[in-house]
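The values are calculated or read from the model by the stated rules, or taken from the named source; none is laboratory data. Only a predicted model underlies this, so the values are computations on that prediction, with no experimental measurement involved. Cβ coordinates were reconstructed from backbone atoms using ideal geometry, including for glycine residues, and neighbour counts include every protein chain displayed.
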Amino acid sequence: MKPDDNLCLCFHVPRRKVEQFIRVEKPRRVSELSQCFGAGTGCGWCRPFLQRLFDSTDPNAESLPAPEQYQNDRKEYRRKQAEEG
């Protein structure tokens, strides 16, 4: 995933914004990343990825899926959510 690819697909929050938020605001809890344009407060798909960036000492080095794979996996996640209801 490149810096300008959306990490939070619900609210269109790019990875770059999340990394910058972590660097500048220095959140103490991963839940504070929701203050970054609502990241993680929609469907919940991006929460594990937000956690990975939060836990990383160097967010830029963190490996995240390619954008196409990320979006396809989210579609499957949302489909399963709808089925479980």
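Of all residues in the stretch 58-85, those that are surrounded by 11 or more Cβ atoms within 10 Å (Cβ to Cβ) and among the hydrophobic types (A, V, I, L, M, F, W, C) have Cβ atoms under 7 Å from Cβ atoms of residues that are at pLDDT below 90 and in a loop (DSSP other than H, G, I, E, B), 6 or more apart or on another chain, in 64/1; 66/1.
Within the stretch 7-30, the set of residues being surrounded by 14 or more Cβ atoms within 10 Å (Cβ to Cβ) and farther than 19 Å from residue 81 by Cβ comprises 13, 14, 15, 16, 17, 18, 19, 20, 21, 22, 27, 30.
Would you check which residues across the stretch 9-56 are small (Gly, Ala, Ser) and in a helix (DSSP H, G or I) and list them? Within the stretch 9-56, 31, 34 qualify. When each of 44, 40 is tested for being under 25 Å from residue 84 (Cα atoms), without any contact (Cβ under 8 Å) to a residue 40 or more places away in the chain and either buried (at least 18 other Cβ atoms within 10 Å of the Cβ) or more than 10 Å from the chain's Cα centre (by Cα) (or both), the lone residue that passes is 40.
Exactly one residue among 23, 29 is over 14 Å from the mean Cα position of the chain (by Cα) and in contact (Cβ under 8 Å) with a residue 24 or more places away in the chain, and that residue is 23.
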